[in-house]
Amino acid sequence: MPGLQHTFADRVRRRWLCPLCHLPMNDPVQITTCGHRFCDTCLQEFLSEGVFECPEDKLALDYAKIYPDEDMHEEIINTKVRCSHWTDGCYWVDKVTRLQDHLRTCKYTPVQCPNDCSALLTRLRLDDHLEHECSRRQCKCEFCGMRMSWERMEHHEGSCPQESVYCENKCGARMLRRFLSNHTLNECAKRTVPCPHCGKQFLYDTLP
């Protein structure tokens, strides 16, 4: 990969910069014949185009003269950087070597919802999301006590057989929804029934 794209808390030294990507070097290598340094990946990509010369001074290049620059590597990775999410509010500052460990626990790092609801959000918001927003969070029906996901609950509400409801005919009766159908057809005083004489439909409580 090319140079380090971190936000450095310390001043970036010019000698750290790769002449090819212009970023602090990642895995720096040095051409010992001329002393120029580059990111290992940047130099390999340059040479892969068939140009076997130093990108800086154009001198002929021998692969055997390219070595990892351990001293430069140590100097760069022990420099302090800010968290990748510092613009979001994270104030962490430490060495480059500790950044990845920090990001694994940083509360501003985006994470996938563990319920697989497709939401991508920061760890800071995860608890609130799981409790109040996630469409797959578990909840309990207040009427029948069944536990289900919130997206199922949206369909369950308004159809739970254990919910207490009023008769749709506005007779004033109240009952569990599971008894509503029988009440409407056979018991409700406001149900419509045919007149035994003319066959027309009338409210049950208006017939003699």
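Per the listing 49, 70, the residue uniquely closer than 20 Å to residue 15 by Cα and without any contact (Cβ under 8 Å) to a residue 24 or more places away in the chain is 70. Condition (residue is in a strand (DSSP E or B), over 19 Å from the mean Cα position of the chain (by Cα) and not acidic (Asp, Glu)) applied to region 99-115: is it met by at least one residue? No, there is no match, as no residue in region 99-115 is in a strand (DSSP E or B), over 19 Å from the mean Cα position of the chain (by Cα) and not acidic (Asp, Glu).
Please verify whether residue 201 is at pLDDT 90 or above and either farther than 30 Å from residue 130 by Cα or in contact with a helix residue (DSSP H, G or I) (Cβ under 9 Å, 6 or more places away or on another chain) (or both), treating the condition exactly as stated. First the steps, then the outcome.
Values: at pLDDT 90 or above: no; either farther than 30 Å from residue 130 by Cα or in contact with a helix residue (DSSP H, G or I) (Cβ under 9 Å, 6 or more places away or on another chain) (or both): yes.
Against the criterion (at pLDDT 90 or above and either farther than 30 Å from residue 130 by Cα or in contact with a helix residue (DSSP H, G or I) (Cβ under 9 Å, 6 or more places away or on another chain) (or both)), residue 201 does not qualify.
Name the one entry in 56, 49 that is in a loop (DSSP other than H, G, I, E, B), loosely packed, with under 12 Cβ neighbours inside 10 Å and modelled with pLDDT under 95.
Numbers: 56 fails: loosely packed, with under 12 Cβ neighbours inside 10 Å.
49 is the lone residue from the list that is in a loop (DSSP other than H, G, I, E, B), loosely packed, with under 12 Cβ neighbours inside 10 Å and modelled with pLDDT under 95.
Looking only at residues in region 188-208 that are within 60 Å of the chain's Cα centre (by Cα) and part of a strand (DSSP E or B), the one that is surrounded by the most Cβ atoms within 10 Å (Cβ to Cβ) is 203.
Among the residues that make up region 23-33, is at least one of them in a loop (DSSP other than H, G, I, E, B), closer than 28 Å to residue 124 by Cα, of a type in the set (A, V, I, L, M, F, W, C) and modelled with pLDDT of 95 or more? Looking through region 23-33, none of the residues is in a loop (DSSP other than H, G, I, E, B), closer than 28 Å to residue 124 by Cα, of a type in the set (A, V, I, L, M, F, W, C) and modelled with pLDDT of 95 or more. Give region 64-112 a look and list any residue that's closer than 22 Å to residue 27 by Cα, surrounded by 17 or more Cβ atoms within 10 Å (Cβ to Cβ) and polar (S, T, N, Q), or say none. Across region 64-112, the qualifying residues are 79, 84. Hey, any hits in region 161-175 for a residue that's assigned to a helix (DSSP H, G or I) and either surrounded by 11 or more Cβ atoms within 10 Å (Cβ to Cβ) or modelled with pLDDT of 95 or more (or both)? Within region 161-175, none of the residues are assigned to a helix (DSSP H, G or I) and either surrounded by 11 or more Cβ atoms within 10 Å (Cβ to Cβ) or modelled with pLDDT of 95 or more (or both). Checking the stated criteria, residue 122 turns out not to satisfy the condition of being closer than 15 Å to residue 84 by Cα, hydroxyl-bearing (Ser, Thr, Tyr), modelled with pLDDT under 95 and loosely packed, with under 13 Cβ neighbours inside 10 Å.
Does region 74-98 hold any residues that are under 23 Å from residue 13 (Cβ atoms) and part of a loop (DSSP other than H, G, I, E, B), and which are they?
First, pick out the residues of region 74-98 that are under 23 Å from residue 13 (Cβ atoms): 74-84, 86, 92-98.
Result: 78, 79, 83, 84, 92.
The values are calculated or read from the model by the stated rules, or taken from the named source; none is laboratory data. All values derive from a computational prediction rather than experimental measurement. Because the Cβ atoms are built from the backbone with ideal geometry, glycine has one as well, and the counts that use them run over all protein chains shown.
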